[in-house]
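These notes concern the structure reproduced below.
Read the figures in this text as sums done on the coordinates, not as results from a lab. Keep in mind that what you see is a predicted model, and the values were worked out from it rather than measured.
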Amino acid sequence: MSTPPHRTGSTNAAPDPRSIDTDDRPFVLVWEVTQACDLACDHCRADAQPARHPRELTTTEGKRLLDQAREFGGGQLVVLSGGDPLARPDLLELVEYGTEIGLRMTLTPSGTSSLTPAVVEDLADAGIRRMALSLDGASAETHDDFRGESGSFQQTVEAAKAARAVGLPLQINTTVCASTAGELPALRDRVSDLDAVLWSVFFLVPVGRGRLLDPVSSERAEEILAWLSEVTEESDFGVKTTEAPHYRRVAIQRRRDASEAPAADDIGRRLGITAGDGFAFVSHTGELYPSGFLPASAGSVRDGTLTERYRDSDLFRSLRDPDALGGKCGACEFRHVCGGSRSRAYAHTGDPTASDPLCAYVPEGYEGPMPPGRAD
């Protein structure tokens with residue numbers, strides 16, 4: 001491995017989430033290292049395929065990307081995603097490199113036979129700070145049906161146990177749609193049994209294969225968000241939502257503080273982030289997006305600077321201005337703490353500043369148009 005820059009004096013300690021200026025840096029930077037994956041999940045944003053794309057960022061380009069991520073500041077959180085990151089033979093090299101230059105490296109592998117206990121141990125030794133695994137059903141029958149692969153549930157559970165055995169903090173990701181919503185109470189119990197530090201609950205955005213799934217209605221989403229707020233109060237693990245920032249509005253309305261990070265999870269999770277505002281996504285071919293679910297490009301990291309594109313592109317700057325939102329979201333008094341899912345707005349309208357159709361809340365006195373695609 002080549003000698004990395006910035007090694008002397010570098011630190012991968014977690015910065016105080018409250019100190020992060022999201023105009024200056026993302027709290028979460030996701031790099032989709034590949035779209036190759038052996039699974040064919042019903043909701044897959046990436047339309048993942050078995051083979052790697054010939055235009056993926058190379059190892060050298062990937063290290064250059066990590067160098068640029070380091071320029072955001074010490075302890076930058078980087079999530080290696082896919083597809084299945086294990087499809088890249090240089091994955092451990094990339095993890096080690098990022099760790100050495102002071103990044104906090106985390107991983108979202110697929111629950112396949114490739115994720116053996118030995119591999120989990122190697123990832124921990126390389127410096128991975130957290131592993132996120134997906135469970136979309138509480139049983140082998142429901143999870144494997146959703147993931148399109150028999151045995152995925154058992155392999156995921158075994159990987160979770162392997163993470164616990166080597167002291168690697170575990171996050172569980174769950175997709176919420178019409179076919180999985182009924183599984184949530186049982187999944188909550190699974191998350192607890194697996195000693196996860198965080199349950200990340202993702203509300204479906206109709207992109208990729210997810211276009212074929214039925215979302216929950218806005219009223220059902222409201223019920224689930226209120227229930228998740230109760231789960232947070234009762235559980236030892238933290239709860240966060242993805243593409244449902246109105247969870248913060250629901251929590252505020254229940255007179256809770258939704259800004260608390262999960263205790264001692266070594267990440268310092270901050271909840272006040274949305275696509276382009278504290279969150280950025282680099283595709284397998286190097287395109288910079290506000291989110292993997294909002295495929296509007298701010299340019300390629302192959303021919304531009306990651307930090308400049310995040311800070312200065314018109315797209316990202318517009319997404320960091322809640323007063324630029326339109327429709328119901330723009331009129332909402334919670335827009336500065338919520339802002340709605342910009343990804344879902346884009347998926348339904350082509351405009352990332354439009355209203356989020358999943359939110360049931362109507363601001364007092366609002367008489368304007370309701371968002372298109374509202375699932376009622």
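For segment 83-226, report the % of Cα-Cα distances exceeding 21 Å. Percent of Cα pairs beyond 21 Å in segment 83-226: 45.
Residues considered: 174, 22, 34. Largest GNM mean-square fluctuation over the chain, using C-alpha springs under 10 Å, is found at 22. Working value for segment 24-319: equivalent-ellipsoid semi-axes of 27, 23, 19 Å, each the square root of 5 times a Cα gyration tensor eigenvalue, largest first. Per residue, the convex hull around the alpha carbon atoms of segment 167-225 comes to 87 Å³.
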